[in-house]
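This report refers to the structure that appears directly beneath it.
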Amino acid sequence: NVRRMQTQTVVDSGTVFDGSAVNRQKLLDELLSSEKAHVQALDSLMENYVEPLRFVLPLNRYQEIFSNVELIRNWNATFLRHLEAHLSCGDTFGDLFLEMSPLLRQLYTQYNENYQNAMKAYENCRKKSKLFITFLERKQKDISENKTKDLLSYLYLPIQRIIAYHSLLKNILHLTPPDHPDYDHLSNAYQSLVETQYHANHRAQQRKNIDKIIEIQNSLLGQDAQLILPHRRYVYEGEVILGKNLKDRYIYLFNDLLLCTKKKGKFLKIDFIEPLETLKVADVKEEFRQFRLQSSSNEYIIMAEDKQHWIKTISGAIKALKSGWILNLLPFLYSIAS
């Protein structure tokens, strides 16, 4: 039929090949050629930035910017060497990727988790380090002549490559028949890569959340409250007006408490803290911007432009907290029942 004719390629010998096999081979060639280009780019990063900047930047800034990129380069060089060996003998590589996935997961998670800090460290050095500024200015000539890339482009390479792996493995797997000798390995390798991306992104979000809590903690005058706890997560924040006296306040919502602050110069002073475990939130329907917070001993009238979002977010946080309690209590309740 017509569809079958469209998915086949006929060569001079008269042998008929399935078009999907031809397309699969093209993707394998793309995987190999792009891996070579990636390793060359990482080598260029090492030569043009990593090595010379060892003698320019303070050690802490250097480590923040480059993280474990040298180890990632070594992983890619090793993967490339073995990939070339695999594909020179056939069209399978799933077992190789699967075997090397655990280390990739560890390295990429660490790099991805540090990436935002690397960007901050770069900006800090670009503003404050004369040696760094001079170094970048000298590199600009090489960049304009296409001899190298700018540092930020290089630093994005490991993240860009993981995205490319996802696309390539997905498409190669799609063109791999279930009876192909590499199908199971490829399927497991792709699943491992998906889990690696999820794990890395989750860890990066956790790191970002913890950094936010540290930032809030450091902004508090007198450090009266200990916000930095292992279980605590930042949820939301915003300007509000408190009570009948219309006091300007700034509220932070966490997964287990609500913190209300007022400005004191460059810092914030705590007005009140309420644990979510005893807090209730309700709409003041007769007032367009008002809602009510009620704890075991206090009641607060809050005015906010985004009233409905506050109500929804606080309610969601309270519900999530109580759900967590129930899950933690289940083993205890089961033990009593038995």
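Worth pointing out:
- Selection from segment 276-300 of residues that are in contact with an Asp or Glu (Cβ under 9 Å, 6 or more places away or on another chain), open to solvent by less than 50 Å² (accessible area, probe 1.4 Å) and either at positive phi or part of a strand (DSSP E or B) (or both): Gln290, Phe291, Leu293, Tyr300
- Unmet requirement for Ala320, which otherwise passes all of (1) without any contact (Cβ under 8 Å) to a residue 40 or more places away in the chain; (2) open to solvent by 40 Å² or more (accessible area, probe 1.4 Å); (3) under 27 Å from Ile214 (Cβ atoms); (4) small (Gly, Ala, Ser): (1)
- Condition check for Gln140: out of contact with any Gly (no Cβ under 9 Å at 6 or more places or on another chain), of a type in the set (S, T, N, Q) and at pLDDT below 90: yes
- Leu173 satisfies every condition listed in (1) assigned to a loop (DSSP other than H, G, I, E, B); (2) free of Cβ contacts under 8 Å to residues at least 60 places away in the same chain; (3) of a type outside the set (Phe, Trp, Tyr); (4) in contact with a Gly (Cβ under 9 Å, 6 or more places away or on another chain) except (1).
- Number of residues in segment 263-318 that are within 16 Å of Lys244 (Cα to Cα) and of a type in the set (Lys, Arg): the value is 2.
- Number of the condition not met by Arg54 [criteria: (1) open to solvent by less than 60 Å² (accessible area, probe 1.4 Å); (2) over 24 Å from the mean Cα position of the chain (by Cα)]: (1)
- When residues of segment 157-185 are limited to those that are surrounded by 15 or more Cβ atoms within 10 Å (Cβ to Cβ) and among the hydroxyl-bearing types (Ser, Thr, Tyr), the one nearest to the chain's Cα centre (by Cα): Tyr165
One line per residue, one yes/no per condition, for (1) closer than 20 Å to Asn124 by Cα; (2) open to solvent by 70 Å² or more (accessible area, probe 1.4 Å):
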| position | (1), (2) |
| --- | --- |
| Leu27 | no, no |
| Leu31 | no, no |
| Ser34 | no, no |
| His38 | no, no |
| Asp43 | no, no |
| Met46 | no, no |
| Val50 | yes, no |
| Gln63 | yes, yes |
| Phe66 | yes, no |
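- When Ser192 is tested against (1) outside any helix (DSSP H, G or I); (2) in contact with a helix residue (DSSP H, G or I) (Cβ under 7 Å, 6 or more places away or on another chain); (3) small (Gly, Ala, Ser), just one condition goes unmet, and that condition is (1).
- Residues that are surrounded by 13 or more Cβ atoms within 10 Å (Cβ to Cβ), touching a strand residue (DSSP E or B) at 6+ places or on another chain (Cβ under 7 Å) and assigned to a loop (DSSP other than H, G, I, E, B) within segment 214-260 comprise Ala225, Arg232, Arg233, Asn255, Asp256, listed in sequence order.
- Failed criterion for Arg161 (all others in (1) closer than 18 Å to Ala21 by Cβ; (2) at pLDDT 95 or above; (3) not aliphatic (A, V, I, L, M) hold): (1)
- Count of residues meeting criterion [in contact (Cβ under 8 Å) with a residue 24 or more places away in the chain, under 24 Å from Gly324 (Cβ atoms) and of a type in the set (Asp, Glu)] in segment 225-275: 2
The values are calculated or read from the model by the stated rules, or taken from the named source; none is laboratory data. Remember, it's a predicted structure, so these values are computed and weren't measured experimentally. Glycine gets a Cβ as well: all are built from the backbone with ideal geometry, and neighbour counts include every protein chain shown. Keep in mind that these areas ignore ligands, DNA and RNA; they rest on the heavy atoms of the full protein, side chains included. Shrake-Rupley method; radii C 1.70, N 1.55, O 1.52, S 1.80 Å.
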